[in-house]
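> Please see the structure below; I have some questions.
Please treat every number below as a calculation from the coordinates, not as lab data. The model shown is predicted, which means the values in this text are computed figures rather than measured ones. Reconstructed Cβ throughout: ideal geometry from the backbone, glycine too, with neighbour counts over all protein chains shown.
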Amino acid sequence: MPERPGLRESVERIRSGNFSSRELAENCLRRIEALNGKLNAFAHWDADAAKADIQDGPLAGAPYALKDNLCREGTLTTCASKILEGWISPYSGGAAARLDEAGARYLGKTNMDEFAMGSSTEYSVYGPTKNPWDSSRSAGGSSGGSAAAVASEMVPLALGTDTGGSIRQPAAFCGVVGIKPTYGRVSRSGLVAFASSLDQIGTLTRDVGDAALALESLMGQDPLDATSLGEAIPALQPELDRGVKGLKFGIPAEDQWMQLDAGPARVFQDSVDALREAGAEPVEIALPHAQHSVAAYYLIATAEASSNLARYDGLRFGPRREAETLEELLLANRSQGFGAEVKRRILLGTFALSAGYVEAYYQRAQKTRTLIRNDFQKAFETVDFMVIPTTPTAAFHLGEKSDDPLSMYLSDIYTLPASLAGLPAASVPCGLDAGLPLGTQIWAKTLDEAMLIRAAASLERAFPFGEIRRAALASLVEAS
């Protein structure tokens, strides 16, 4: 049995008395202390987290980590930003509360792009997170810390947030499973808002089965979140072994935005072939407006960010800087408190919402979003789920895209359509390109997480990536 078991195995071994939850937590903390200096996956962690022994609940003492924009009572929540330096959460958000109620054990907060604005976890006051497969490369973003922590076996479960691909893209870069549920399936209470109509909390795990177990505890309506959904929570674990025989899956046909290099194209074709061999039928589908996803997203998301981040004035959060007037005080606090990428997005969003430009930019972007959602609705009349690459490339080098924001934004080109439509989506590791992992993405209908898990598990069976990941990261295992 592995020293650092996955989520389901952790629960099984704790319940069987194979070892205690305290022993498992101590093991994970030793791993964090050994590796975090190399990877910078954790922003901060609780060295005393292993004091109590937990055996009750669906998650029975299994360790977990939270992205640093998710509130848990009594813990630092800084969003990797100077302006929230030292801020302690006075309450637990819905996601953290549900995991605690399910018996999971909190270990700490993972690194991220500041206020979740980025695709590389380089825009962080804590410095960049490094990819466990190659420390010269990005772990993805903005949930790069969570992805790296799971890939390097620091924890079996980490939560991330996905506004435009911030769970799925780092999952693909780090060779783990990342799932964004339907918008509203998981409570957003306690999530520090970036773009409120897009933000969703999801999971990063080593395999699909672990994700299914975690999501069953996370999903459900929360009276503290007006956007959370009251629909019945599906049983996801029974879907793991159902297979896809007799189902139809869609493959987008638009050449304008489905352009891949040889390595990613090969891995994606292997995924399509594997689903076909499992008994599913591929169907070409039309998503004619998906090519406009990047433009629409970066108007809608930045506009909402401009509004949401107006509250961070340095008076209520972060260190207060001296000034003679209120205007000078606000200018000094926001100028020094926010990083360059956050400022860029605030400026973009403020411009899009300014007088005379709202209709030309923001409203047109919302209309495009509706067209994208309608395209999905029509396509799902003929297929059960869809597949698409998660990313156009494998993990890029740290610093490679830092000076080219547009290039960085385009790394999310295949994750944005599902975000704009509010669909559940998953990234499953399905191959390597030059020794680096690549993911294949699955999209399902709104509220159909059961189909998402069913298809993802089938794809995972064709590409049992766990042993590949363990072999590739053997040097990290030895180092710990």
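> Please report, in cubic angstrom per residue, the volume enclosed by the convex hull of the alpha-carbon atoms of the range 199-255.
173
> Sticking with this structure for a sec: Over the alpha-carbon set of the chain, work out the extent along each principal axis and list the three values in angstrom, largest first.
Rounded to whole Å, the extents work out to 68, 55, 44 Å.
> With the cut-off at 29 Å, tell me which of the pairs 130/378; 38/82; 130/180; 130/343; 67/401; 180/401 have Cα atoms farther apart than that.
On the way: 130/378 40 Å; 38/82 23 Å; 130/180 22 Å; 130/343 24 Å; 67/401 23 Å; 180/401 25 Å.
Long pairs (Cα-Cα over 29 Å): 130/378.
> When every alpha-carbon pair in the range 375-480 is counted, what percent end up more than 20 Å apart? Intermediate results must be reported in sequence, preceding the final value.
Working: 2839 of 5565 pairs.
Percent of Cα pairs beyond 20 Å in the range 375-480: 51.
> While we're on this one: What distance in nm separates the simple spin-label points at residue 374 and residue 53, each placed 7 Å from Cα in the Cβ direction?
Each label point lies 7 Å from its Cα, and together they span 6.2 nm.
> What is the list of residues in the range 210-251 whose amide nitrogen lies under 15 Å from a point 7 angstrom out from the Cα of residue 278, following Cα to Cβ?
Counting backbone N atoms under 15 Å from the label point, the list is 210-212, 237-251.
> Let me ask another. Restricting to Cα pairs below 8 Å that are 6+ residues apart, what does the relative contact order work out to for the chain? Please round to a whole percent. It would help to have the intermediate numbers written out before the result.
Numbers: 1155 pairs, mean separation 84.3, N = 480.
Relative contact order, the chain: 18 percent.
> In what sequence do 28, 174 fall when counting other Cβ within 10 Å, fewest first?
28, 174
> Follow-up question, since we're still on this one. Return the calculated 222 nm mean residue ellipticity for the chain, to the nearest 500 deg cm²/dmol, obtained by summing -39500 (n - 2.57) across DSSP H runs with n ≥ 4 and dividing by the residue count.
Using -39500 (n - 2.57) per qualifying helix, the result is -11000 deg cm²/dmol.
> Moving to a separate point now. Please report 467, 122 as a ranked list, fewest other C-beta atoms within 10 angstrom at the top and most at the bottom. If you can, show how the numbers build up before the last one.
Working: 467 8, 122 24.
Lowest to highest Cβ neighbour count: 467, 122.
> Please report, for the Cα atoms of the range 291-366, the Rg to one decimal and the Dmax as a whole number; what are they, in angstrom?
Answer for the range 291-366, Rg first and Dmax second: 14.4, 49 Å.
> For residue 253 and residue 323, calculate 0.36 nm times their separation in residues minus their Cα-Cα distance, and state this gained length in nm to one decimal.
My answer for the length gained is 19.5 nm.
> Rounded to the nearest 0.05, what FRET efficiency do residue 406 and residue 358 have when you use their Cβ-Cβ distance and R0 = 25 Å?
For R0 = 25 Å, the calculated efficiency reads 0.60.
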